[in-house]
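Colleague: Quick one: this structure, given as structure tokens, is what I'll be asking you about.
The values are calculated or read from the model by the stated rules, or taken from the named source; none is laboratory data. All values derive from a computational prediction rather than experimental measurement. Don't worry about glycine lacking a Cβ; one is built from the backbone with ideal geometry, like all the others, and counts go over all protein chains shown.
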Protein chains: 2
Amino acid sequence: MSRLDPSLIRHLAIFQSLDDDALRAILAEASPRRVPKGTAMFEHGAEAHEFFLVLDGRLKVVKITPDGEQVLIRFVIPGEVCGMAVAIGKNTYPATALAATESLALAWPSAQWPKLCEKAPALAANAMQAFGQRLQEAHSRIAELSTEEVQRRVAHALLRLAGQAGTKVENGVLIDFPVTRQDLAEMTGTTLHTVSRIMSVWEASGLIEGGRQRLLLCDPHKLLVAAEGRASGD
Amino acid sequence: MSRLDPSLIRHLAIFQSLDDDALRAILAEASPRRVPKGTAMFEHGAEAHEFFLVLDGRLKVVKITPDGEQVLIRFVIPGEVCGMAVAIGKNTYPATALAATESLALAWPSAQWPKLCEKAPALAANAMQAFGQRLQEAHSRIAELSTEEVQRRVAHALLRLAGQAGTKVENGVLIDFPVTRQDLAEMTGTTLHTVSRIMSVWEASGLIEGGRQRLLLCDPHKLLVAAEGRASGD
């Protein structure tokens with residue numbers, strides 16, 4: 001009998017079409033996990049004993065290159081699974097997940113994955129859709145890194161973040177968790193210096209408003225237009 | 001009753017653990033498709049009426065950017081599925097698949113995907129593993145594009161191709177389908193000119209042997225070492 005209530009996960013897209021019995025069966029094997037800001041939920045290369053569903057907070061998935069450079073693969077938002085090494089036939093985590101802000105997740109033993117999929121066949125289909133969306137996103141980033149100037153890449157990274165995790169507010173779209181300029185540099189294959197220069201120009205022209213814990217896109221459409229232009233390209 | 005025999009697909013990794021009855025059920029809805037060299041099996045933006053399993057040949061999956069630049073996402077080799085828009089919840093193809101050499105595929109109506117997964121639950125799990133591997137590969141390319149000099153990116157693209165689709169032969173690893181220098185440029189975010197310069201150096205030093213229809217990596221280890229060096233970086 002699970003101590004966790006279906007209301008914890010019922011609203012999440014990945015569990016759509018599952019009834020409460022299926023949700024209870026899924027939760028029976030789960031344990032909650034608090035991840036303090038700045039700490040790792042799992043680390044690249046470690047044995048993938050568990051997989052996770054994020055309930056609250058934000059995590060950064062990063063890869064460290066052989067040369068020690070950090071690349072930011074994506075942010076994980078509530079409702080998303082991560083650390084799914086088992087689902088893709090791997091025994092170790094292919095990346096590191098760091099809490100960008102204090103986060104709460106559910107953890108399942110990796111060995112439970114096939115059983116969970118049997119109990120709730122929609123889970124596998126939903127997980128596959130999530131993988132597919134990430135794959136499309138990754139291909140878009142490959143195309144951007146391959147063909148776009150840095151200014152456009154930064155704009156596209158901001159617009160993608162806004163689309164995934166932004167909230168519409170009166171004066172724009174709010175990304176209400178810490179996205180640093182270093183994060184943006186690691187997402188777009190450029191330097192902190194270059195991102196800072198670009199963001200300063202956009203701040204001065206009222207396209208964005210920065211802050212330590214939040215980022216406001218005041219006019220996403222103008223940001224896209226500005227990015228498509230090549231005036232201050234690099 | 002299917003006219004296609006299970007022996008057509010029994011050996012493929014994606015169907016491992018399926019018995020002949022399951023394979024027959026899967027084949028019952030399939031139709032064979034010949035794709036002449038240079039033609040498209042499906043096109044970006046078109047309605048995704050079908051998904052495909054490649055039986056023979058090689059296809060290039062490409063994206064065209066809004067500026068009209070072509071980016072090569074990956075090569076599809078026999079045993080791989082593609083055009084799986086339906087599995088990731090999309091109605092249109094997110095990319096174009098072009099036959100790099102004459103290819104043979106099986107096509108299924110997209111609407112059959114959920115039914116096929118019911119008939120053969122291992123199919124969904126195997127497809128998910130395939131997606132996961134592509135995702136890992138895409139993340140590696142993002143890291144390479146973000147942090148590596150062009151010479152290393154070209155070497156990594158060649159080594160990845162060799163790992164996916166190469167054959168060990170007496171004098172190295174053979175990639176026995178046409179991979180043009182333009183393809184390599186589109187895979188690594190650089191120009192034809194730069195790829196040609198790099199490949200000429202490697203040919204002159206005996207690391208690779210080129211040809212119109214084939215590419216031989218004479219010494220993959222030395223190629224990696226050469227790529228890790230920065231002597232002729234760009």
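Colleague: Take B:Q182 and decide whether it is polar (S, T, N, Q), within 21 Å of B:I73 (Cα to Cα) and at pLDDT below 90.
Modeller: Taking the combined requirement at face value, the residue does not satisfy it.
Colleague: Would you tally the residues in the range A:89-115 being within 12 Å of chain B (Cβ to nearest Cβ), assigned to a helix (DSSP H, G or I) and either in contact (Cβ under 8 Å) with a residue 60 or more places away in the chain or farther than 22 Å from B:A13 by Cα (or both)?
Modeller: Within the range A:89-115, residues that are within 12 Å of chain B (Cβ to nearest Cβ), assigned to a helix (DSSP H, G or I) and either in contact (Cβ under 8 Å) with a residue 60 or more places away in the chain or farther than 22 Å from B:A13 by Cα (or both) number 1.
Colleague: Follow-up question, since we're still on this one. How about the range A:24-55: which of its residues are closer than 15 Å to A:G79 by Cβ and surrounded by fewer than 13 Cβ atoms within 10 Å (Cβ to Cβ)?
Modeller: Correct list: empty.
Colleague: Looking only at the range A:155-171, filter to residues that are outside any helix (DSSP H, G or I) and not charged (D, E, K, R); which one of those is surrounded by the most Cβ atoms within 10 Å (Cβ to Cβ)?
Modeller: Taking the candidates together, the pick is A:G166.
Colleague: Hey, can you tell me all the residues within the range A:189-199 that are touching a strand residue (DSSP E or B) at 6+ places or on another chain (Cβ under 9 Å) and farther than 17 Å from A:P220 by Cβ?
Modeller: Of everything in the range A:189-199, just one residue is touching a strand residue (DSSP E or B) at 6+ places or on another chain (Cβ under 9 Å) and farther than 17 Å from A:P220 by Cβ, namely A:G189.
Colleague: Filter the strands (runs of 3 or more DSSP E) completely within the range A:172-225 down to those with at least 3 residues that are touching a residue at least 24 places away in the same chain (Cβ under 8 Å) and in the same structural domain as A:H156 (by TED's automatic domain parsing). Please lay out each step first, then the result.
Modeller: On the way: elements: A:172-175, A:208-210, A:215-217.
Here the list reads A:172-175, A:215-217.
Colleague: Say whether the condition of being crowded, with 18+ Cβ neighbours inside 10 Å, modelled with pLDDT under 90 and under 27 Å from B:N126 (Cα atoms) is met by at least one residue in the range A:104-115.
Modeller: The answer is yes; a qualifying residue exists.
Colleague: Of the conditions (1) modelled with pLDDT under 90; (2) buried (at least 17 other Cβ atoms within 10 Å of the Cβ), B:D176 fails just one. Which one is it?
Modeller: Condition not satisfied by B:D176: (2).
Colleague: Right, another one. Going by the structure shown, is B:R152 over 18 Å from A:F131 (Cβ atoms), among the charged types (D, E, K, R) and outside any strand (DSSP E or B)?
Modeller: Answer is yes for this residue.
Colleague: What is the number of the single condition among (1) within 21 Å of B:L135 (Cα to Cα); (2) polar (S, T, N, Q); (3) modelled with pLDDT of 90 or more that A:Q136 does not meet?
Modeller: (3)
Colleague: Would you pick out the residues in the range A:2-19 that are within 22 Å of A:P114 (Cβ to Cβ) and part of a loop (DSSP other than H, G, I, E, B)?
Modeller: Of everything in the range A:2-19, those that are within 22 Å of A:P114 (Cβ to Cβ) and part of a loop (DSSP other than H, G, I, E, B) turn out to be A:S2, A:L4, A:I9, A:L12, A:Q16, A:S17, A:L18, A:D19.
Colleague: Same structure again: Select from the range B:56-68 the residues that are in contact (Cβ under 8 Å) with a residue 40 or more places away in the chain and either surrounded by fewer than 16 Cβ atoms within 10 Å (Cβ to Cβ) or outside any strand (DSSP E or B) (or both) and list them in ascending order.
Modeller: Scanning the range B:56-68 gives a single hit, B:D56.
Colleague: Sticking with this one: Would you confirm, using the coordinates I've provided, whether B:R74 is in contact (Cβ under 8 Å) with a residue 60 or more places away in the chain, within 11 Å of another protein chain (Cβ to nearest Cβ) and over 20 Å from A:L135 (Cα atoms)?
Modeller: When the stated conditions are applied, B:R74 does not pass them.
Colleague: Something else now. Considering only the range A:1-23, state which residues are modelled with pLDDT of 85 or more and surrounded by fewer than 16 Cβ atoms within 10 Å (Cβ to Cβ).
Modeller: Listed by number, the residues that qualify are A:D5, A:S7, A:R10, A:H11, A:D19, A:D20, A:D21.
Colleague: All but one of (1) within 24 Å of A:N91 (Cα to Cα); (2) at the interface with another protein chain (Cβ under 9 Å from one of its Cβ atoms) hold for B:Q164; state the number of the condition that does not hold.
Modeller: Only one criterion in (1) within 24 Å of A:N91 (Cα to Cα); (2) at the interface with another protein chain (Cβ under 9 Å from one of its Cβ atoms) is unmet by B:Q164, namely (2).
Colleague: Quick test for you: out of B:G45, B:G38, pick the one residue that is within 30 Å of A:A13 (Cα to Cα) and assigned to a loop (DSSP other than H, G, I, E, B).
Modeller: B:G45 is the lone residue from the list that is within 30 Å of A:A13 (Cα to Cα) and assigned to a loop (DSSP other than H, G, I, E, B).
Colleague: Which one of these is among the aliphatic types (A, V, I, L, M), more than 22 Å from A:T190 (Cα to Cα), surrounded by fewer than 22 Cβ atoms within 10 Å (Cβ to Cβ) and within 10 Å of chain B (Cβ to nearest Cβ): A:A120, A:A124? Give the steps one after another, and end with the answer.
Modeller: Numbers: A:A120 fails: within 10 Å of chain B (Cβ to nearest Cβ).
Just a single option satisfies the conditions, and that option is A:A124.
Colleague: Could you check the range B:138-154 and list, in sequence order, the residues that are surrounded by fewer than 18 Cβ atoms within 10 Å (Cβ to Cβ) and at the interface with another protein chain (Cβ under 10 Å from one of its Cβ atoms)? Please lay out each step first, then the result.
Modeller: Residues of the range B:138-154 surrounded by fewer than 18 Cβ atoms within 10 Å (Cβ to Cβ): B:140, B:149.
The one that is surrounded by fewer than 18 Cβ atoms within 10 Å (Cβ to Cβ) and at the interface with another protein chain (Cβ under 10 Å from one of its Cβ atoms): B:S140.
Colleague: Do the conditions hold for A:A22, that is, is it among the small types (G, A, S) and assigned to a strand (DSSP E or B)?
Modeller: So A:A22 does not fit the description; no.
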